Amino acid sequence: GTLDNGFGSGGMVKTDMAGKSDNARSVVVQSNGKIVVTGYAQNGSNSDFAVARYNANGTLDNSFSGDGRELTTIDGTSQDYAVGAVVQPDGKIIVAGYSYNALYANYDFALVRYTASGIPDNGFGTAGRILTNFNSPNDVAAAVVLQADGKIVVAGSTSIGTDFDFAVARYNTATPLTGIAA
């Protein structure tokens, strides 16, 4: 239970994503040992999906988005919150969360798929992004998993009047997956 001095500085790493408040919400480790941390970063009056990838020793992986960090705006000048991530066998990273859609004044499930090099994957959704509206004002994703057949499952909540219900959406992947065990 002691800090690992071989990781970062004294077992700890701090990363500034956008110069303001940053919040990590999930961590996954890729098969090559690289560590992917997702969350959101304030960029002024809005927030963006934030993804950082670290080498096993805690240094930022500069092969990911040029400096180890990637900020992604989902829907223009919105509030975007990443809450979970999964890594496909081909190294692509799927990040799930929610985004405030100013046009409709509501929150929607939001997904972004990143290439192994850390940029949104244009072969997924629109410019690498997908928004899903359950026809309610508050659709908030909380978790994401990858099924054995490569389909993406996102779970969270949706508002029904003054109450909330479970919300689950399943997405097809645009890339055939191999190596996923059932």
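The values are calculated or read from the model by the stated rules, or taken from the named source; none is laboratory data. Quantities reported herein were computed from a predicted structural model and do not represent experimental measurements. Neighbour counts run over all protein chains shown; Cβ positions are idealised from the backbone, glycine included. Side chains are part of the model used for accessible areas, which takes the heavy atoms of the whole protein and leaves out ligands, DNA and RNA. Shrake-Rupley method; radii C 1.70, N 1.55, O 1.52, S 1.80 Å.
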Sequence order, segment 58-66: Karplus ³J(HN,Hα) from phi using 6.51 cos²θ - 1.76 cosθ + 1.60, θ = phi - 60°, Hz rounded, Gly and Pro as x, gives x, 7, 4, 8, 5, 7, 9, 6, x
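Dipole of segment 62-127, Cα-centred, from +1 at each Lys and Arg C-beta and -1 at each Asp and Glu C-beta, to the nearest 20 debye? Mind showing how you got there, number by number?
Working: 3 positive and 7 negative charges, 18 e Å.
The calculation lands at about 80 debye.
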In the chain, taking the dipole from +1 charges on Lys and Arg beta carbons and -1 charges on Asp and Glu beta carbons about the Cα centre, the listed residue (Gly33, Ala18, Tyr100) farthest towards the positive end is Gly33
Percent antiparallel among DSSP beta bridges confined to the chain, rounded to 5, stands at 95
Expressed per residue, the solvent accessible area of the chain in Å² (1.4 Å probe) is about 49
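Let me know the longest stretch in the chain that avoids all trypsin sites (Lys or Arg not before Pro) found in a DSSP loop with at most 15 other C-beta atoms within 10 Å. Don't skip to the answer; put the middle values down first.
Details: sites that count: Lys14, Lys20, Lys151.
Result, exposed sites excluded: 21-150.
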The percentage of the accessible area of segment 1-147 (probe 1.4 Å, all protein chains present) made up of carbon and sulfur atoms, to the nearest whole number, is 50
Length-normalised contact order of the chain, Cα under 8 Å, at least 6 apart, in percent, tallies to 13
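Can you put Ser65, Ser78 in order of accessible area, largest first, using a 1.4 Å probe?
In descending accessible area the options line up as Ser65, Ser78.
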Taking a straight Cα-to-Cα line shorter than 16 Å from Lys151, and setting aside same-chain lysines fewer than 8 residues away, one finds Lys92
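Express the relative contact order of segment 107-169 as a whole percentage, based on alpha carbon pairs under 8 Å and six or more residues apart in sequence.
Answer for segment 107-169 is 26 percent.
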